[in-house]
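Here is the structure we will look at, set down as structure tokens.
The values are calculated or read from the model by the stated rules, or taken from the named source; none is laboratory data. In this text the structure is predicted, and so the values were computed from the model without any measurement. Because the Cβ atoms are built from the backbone with ideal geometry, glycine has one as well, and the counts that use them run over all protein chains shown.
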Amino acid sequence: MKITRIETIHLDEFPAATWVQIHTDGGQVGLGETWFGPRAVSGAIHEIFSPMLIGKDPLAIERHWRDMFDMANAFGFAGAEARAISAIDIALWDIAGQISQQPIYNLLGGACRDRIPTYNTNASYGEVRDLELSMEDAGTVAKSLLDDGISIMKWAFTDPFADPSRGMFLSDNDLDLMMEPMRQVRNAVGKDMAVANDGHGRWNLQNAIRIGKAMDQFGMFWQEELIQPTNVQNHVTLAHEIEAPVCVSERLISKFQFREYLREGAAEIVMPDLIWTGGITETKKIATMAEAEDAPVAPHDTTGPVNVFACAHICMNAPNAWVMETVRAFYGPTGWYNRIIEPNIIVEDGHLLAPEGPGLGTKLKSDVFDRSDMHMESSDEPGGDHWGGFTSGYEVYTNDDGQRAIRKRS
């Protein structure tokens, strides 16, 4: 079996999303996804990675991952190249599941569970305006989520306070005002709703400590990315200074970056973004590394529908999977996921259910390809073997005398 064609797809309506389809000569079509910079991602896929993969065995997933990473690592891997690798990797796992007629979590070693608790990130789309309402009346959103069976919520309610000074200045008055959403939640529903804060890496260490300590009175579920992941020791300091668990998240790319935080005890909760950090192959390894350090895994989302399916397979398989991020504004009856994939994810009684069917368990809807704002680019030509980004033009071989020698490639 061989890979015959790789396609990238994006829609003007959703300008951050890139979908990847990998076709085989056996008729399978694997689906992947990533987020941000579709033109950069498509460029990496068609210019760099497609020539490496066309004509190759789609089941050699580990080899392909390492070949692509070694190529990207020659010039810096943690950008569009990492996102491209992530999308391709998901599509290859989808093909493997289709060939074996098994869900991906069975190929990873089997399921530890058939559902996982989910929390809602308060974003908005269409009729569901959770983000705006959270900034104005978080207690009402908490009540609404509890009515849906969801008892954990998260949003970035500290961001507006950081933006004017890039997180360098925080007045006492603003720090007090920052606590208002938590007061609203506790007044409305008491401790029935757990609340996590996403700082989006906007604060310096000093203010992150002040915010964390001020919020500790409310029993925070976690503090996520209060500071940027550019200094491991600052995360260790933050973890020692505040009571809430410190969550390291989507800005860490690959097991190599997560390793530093786990080794130093700076990651109390591990939140890899599967479609940025290296796909299913790499996220499985990150989860295993976290398991060795007794750290729970809570995959990152707030992106597209394929990511949630891919993350669901990790969550069903990884023993230390804890909770999964979802956005009801995206997957709900009026959300945009229903317009892109079939079937959609199922969230029931506050839990994300295991995908059914082989591979990912979903595919792009046929009418996606009929949309006037759809853009597709395709590659179907092989480009030879590559490793590490460079080929010398020479190879080592055994000559007629049985001696090892070097010669120019033919």
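Data overview
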| item | result |
| --- | --- |
| Filtered residue count, the range 208-231, keeping only those that are touching a Phe, Trp or Tyr at 6+ places or on another chain (Cβ under 8 Å) and more than 21 Å from P296 (Cβ to Cβ) | 1 |
| Filtered residues of the range 166-197 (kept if acidic (D, E) and in a loop (DSSP other than H, G, I, E, B)) | D192 |
| Any chance A156 is in the same structural domain as V323 (by TED's automatic domain parsing), under 19 Å from V327 (Cα atoms) and in contact with a His (Cβ under 6 Å, 6 or more places away or on another chain) | yes |
| Odd one out for I314 among (1) hydrophobic (A, V, I, L, M, F, W, C); (2) at pLDDT 95 or above; (3) surrounded by fewer than 23 Cβ atoms within 10 Å (Cβ to Cβ) | (3) |
| Out of I95, I116, sole residue that is modelled with pLDDT of 95 or more, more than 22 Å from H300 (Cα to Cα) and within 20 Å of the chain's Cα centre (by Cα) | I95 |
| A188 at pLDDT 95 or above and within 24 Å of Q228 (Cα to Cα) | no |
| Which numbered condition A16 fails, given (1) at positive phi; (2) within 19 Å of the chain's Cα centre (by Cα); (3) small (G, A, S) | (1) |
| The range 352-380 - residue that is of a type in the set (S, T, N, Q) and over 22 Å from the mean Cα position of the chain (by Cα) and, of those, surrounded by the fewest Cβ atoms within 10 Å (Cβ to Cβ) | S372 |
| Elements of type helices (runs of 4 or more DSSP H) contained in the range 67-142, each with 1 or more residues being of a type in the set (S, T, Y) and surrounded by fewer than 22 Cβ atoms within 10 Å (Cβ to Cβ) | 80-100 |
| Selected residue (criterion: nearest to I340 (Cα to Cα)) from residues of the range 1-35 that are outside any strand (DSSP E or B) and free of Cβ contacts under 8 Å to residues at least 60 places away in the same chain | G27 |
| Subset of the range 326-348 that is assigned to a helix (DSSP H, G or I) and in contact (Cβ under 8 Å) with a residue 12 or more places away in the chain - its residue that is surrounded by the most Cβ atoms within 10 Å (Cβ to Cβ) | F330 |
| Top-ranked residue of the range 143-156 - restricted to ones that are in a helix (DSSP H, G or I) and not hydroxyl-bearing (S, T, Y), ranked as surrounded by the most Cβ atoms within 10 Å (Cβ to Cβ) | L145 |
| Every residue from the range 168-197 that is surrounded by fewer than 17 Cβ atoms within 10 Å (Cβ to Cβ) and among the basic types (K, R) | R183, K191 |
| Extreme residue, nearest to T281 (Cα to Cα), among residues of the range 36-66 that are outside any helix (DSSP H, G or I), of a type outside the set (A, V, I, L, M) and touching a helix residue (DSSP H, G or I) at 6+ places or on another chain (Cβ under 8 Å) | P58 |
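Residues checked against (1) within 28 Å of K2 (Cβ to Cβ); (2) among the small types (G, A, S); (3) modelled with pLDDT of 95 or more:
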residue: P305; (1), (2), (3): no, no, yes
residue: T326; (1), (2), (3): no, no, yes
residue: I346; (1), (2), (3): no, no, yes
residue: D349; (1), (2), (3): no, no, yes
residue: G361; (1), (2), (3): yes, yes, yes
residue: D380; (1), (2), (3): yes, no, yes
residue: D400; (1), (2), (3): no, no, no
residue: I406; (1), (2), (3): no, no, no
